[in-house]
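The values are calculated or read from the model by the stated rules, or taken from the named source; none is laboratory data. On a predicted model such as this, the values are computed, not experimentally measured, just so you know. Cβ sites come from the backbone with ideal geometry, for glycine too, and all protein chains shown count toward neighbours. Only protein heavy atoms, including side chains, enter the accessible area calculation; ligands, DNA and RNA are left aside. Shrake-Rupley method; radii C 1.70, N 1.55, O 1.52, S 1.80 Å.
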Amino acid sequence: MNKVGIEEIPVEGKRVFVRVDFNVPMDEQQNITDDTRIRAALPTITFLAEKGAKVILASHLGRPKGKVNLKYSLAPISIRLAQLLNKEVLMAKDCIGPEVQAQAGRLKNGEIILLENVRFHNEEEENDPKFAEKLAGLADVYVNDAFGTAHRAHASTEGIAGYIPAYAGFLMKKEVDIMGKALENPARPFIAVIGGAKVSDKIAVIENLLSKVDNLIIGGGMANTFLKAQGYEVGSSLAENDKVSLARELLGKAQNSGVKLMLPTDVVAAREFSANTPSRVVKVTEIQTDEQALDIGPESAESFAEAIHSAMTVIWNGPMGVFEMAPFAKGTERIARAMAECHGVTIVGGGDSVAAVEKMGVAEKLTHISTGGGASLEFLEGKILPGVAALQDKE
Ligand code: ADP
Ligand code: MG
């Protein structure tokens, strides 16, 4: 999987349709409360504009359900984008139609226009070929820089690539290059650290990674189900009884494929799911019936951290405990620190895990933070993402 990037194609004088992810959080008055996603797209936009492309930006925002609803207009985003670029950004009234077509046709080299929310049309999510062809009709070239929506085959993320040549923007390319290499041809030892609330959310990820990694570390709420599968009592911890036999199967699969599987040997347990309740460190053999495991214990955290230190590639998805509450954040903090100290390739994916490393201030020390929650999970599951598959491969 090696996609052609925007540095490798001629763009001067070309109308370039760029699918970005401007699905930013807004308050009731449509003030942008976090512009991280807009900032993340700036390198691709700036590069294209400076190279003399006519830049046509498209995104979805929220769920307007196929109808025009100005609550989900991208107009406020065009204003913020213009401020960030220190450059004029035209705002279109729609994303297709004669008026937009004319506006796109009048663009001069280096000018930028933002189309209105593509989800104002049902045809976007239906991946309607006629609609995709109309979007493609605005431009000469298609660039996708919205990895976060690449797991959806929509008109602006997949269909459009059937009509004009399609390439990867900088963000997209980084996601695909780094995560793709880790999954296809990793520097070893290769370790995956999987956590989070439930096994059921990550079965496919665990199954896929089991055939690739040297070492699989399991923490968080889902570890309880694995501990049960090994015959331990986990008290009133979050555990999925209907997944115990599957967990046993996965343990067997790890053993058969020579993967070293590590589970917590101690946990931080409490009687209530609350930040203000007394808690204690216990061995996994000694969890009381009225106790729940809410974090991995210090002994587990140290042995996980040691394994991470010696890895050449680490993929981490899912916190080690209920890190939102300070008494149960230490395990996740220890893993975040180990990732930051690791000299290998370090990758973090998953909404909560990314929030955790950002909160802990180690994001800059990691090789890659995957921005697409659902998309990176599907990537880790080994699925082919339609928005990635649609982009041109290198010869
Ligand atoms: P990500 O978004 O990184 O993929 P998940 O959504 O799978 O992660 O899981 C994150 C959630 O798991 C967090 O809200 C965290 O509180 C919860 N969690 C982690 N460990 C436990 C535990 N031992 N018991 C209950 N919930 C847990
Ligand atoms: Mg989550």
Item to check | Subset of the range 254-273 [touching a residue at least 40 places away in the same chain (Cβ under 8 Å) and open to solvent by 30 Å² or more (accessible area, probe 1.4 Å)] | outcome: SER257, LYS260, LEU261, PHE273
Item to check | Residues (of a type outside the set (D, E, K, R) and either crowded, with 18+ Cβ neighbours inside 10 Å or within 13 Å of ligand 1 (Cβ to nearest atom) (or both)) located in the range 372-385 | outcome: GLY372, GLY373, GLY374, ALA375, SER376, LEU377, PHE379, LEU380, LEU385
Checklist entry - Would a scan of the range 312-325 turn up a residue that is in a helix (DSSP H, G or I), β-branched (Val, Ile, Thr), modelled with pLDDT of 95 or more and away from ligand 1 (no atom under 12 Å from the Cβ)? => result no
Next on the checklist: One residue is enough: does the range 382-391 have a residue meeting the conditions within 14 Å of ligand 2 (Cβ to nearest atom), under 21 Å from HIS151 (Cα atoms) and in contact with a Phe, Trp or Tyr (Cβ under 8 Å, 6 or more places away or on another chain)?
Outcome noted: no
Checklist entry - Can you tell me which residue in the range 293-328 is farthest from PHE273 (Cα to Cα), limited to those that are surrounded by fewer than 24 Cβ atoms within 10 Å (Cβ to Cβ) and within 16 Å of ligand 2 (Cβ to nearest atom)? => result GLU324
Checklist entry - Looking at VAL362, VAL345, which one is buried (at least 19 other Cβ atoms within 10 Å of the Cβ), over 23 Å from ASP214 (Cβ atoms) and away from ligand 2 (no atom under 16 Å from the Cβ)? => result VAL362
Item to check | The lone exception for ASP214 - which of (1) touching a residue at least 40 places away in the same chain (Cβ under 8 Å); (2) open to solvent by less than 50 Å² (accessible area, probe 1.4 Å) it fails | outcome: (2)
Checklist outcome for this item: LYS67: passes all of (1) over 23 Å from the mean Cα position of the chain (by Cα); (2) in contact (Cβ under 8 Å) with a residue 60 or more places away in the chain; (3) open to solvent by 50 Å² or more (accessible area, probe 1.4 Å); (4) under 23 Å from ARG152 (Cα atoms) but (2)
Next on the checklist: For the range 8-46, give me each residue that is under 28 Å from LYS394 (Cα atoms), open to solvent by 40 Å² or more (accessible area, probe 1.4 Å) and either among the aromatic types (Phe, Trp, Tyr) or not in a loop (DSSP other than H, G, I, E, B) (or both).
Outcome noted: GLU8, ARG15, ARG37, ARG39, PRO43, THR46
Checklist entry - Using beta carbons and a limit of 9 Å, which pairs, at least six apart or on different chains, have the first residue in the range 239-251 and in the same structural domain as LEU216 (by TED's automatic domain parsing) and the second one assigned to a helix (DSSP H, G or I) and of a type in the set (Ser, Thr, Tyr)? => result ALA239/THR225; GLU240/THR225; ASN241/THR225; LYS243/THR225; VAL244/THR225; LEU246/THR225; ALA247/THR225
Next on the checklist: Given the criterion within 13 Å of ligand 1 (Cβ to nearest atom) and in contact (Cβ under 8 Å) with a residue 24 or more places away in the chain, identify the matching residue among ILE369, ILE347.
Outcome noted: ILE347
Next on the checklist: Suppose we keep only residues that are of a type in the set (D, E, K, R) and without any contact (Cβ under 8 Å) to a residue 60 or more places away in the chain within the range 126-141. Which one would you say is nearest to GLY66 (Cα to Cα)?
Outcome noted: GLU126
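What do you reckon, is LEU227 among the aliphatic types (A, V, I, L, M) and away from ligand 1 (no atom under 16 Å from the Cβ)?
no
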Next on the checklist: One residue is enough: does the range 326-335 have a residue meeting the conditions within 10 Å of ligand 1 (Cβ to nearest atom) and in a strand (DSSP E or B)?
Outcome noted: no
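Report, by residue number, each residue of the range 274-287 that is part of a helix (DSSP H, G or I) and open to solvent by less than 20 Å² (accessible area, probe 1.4 Å).
Scanning the range 274-287 gives a single hit, VAL284.
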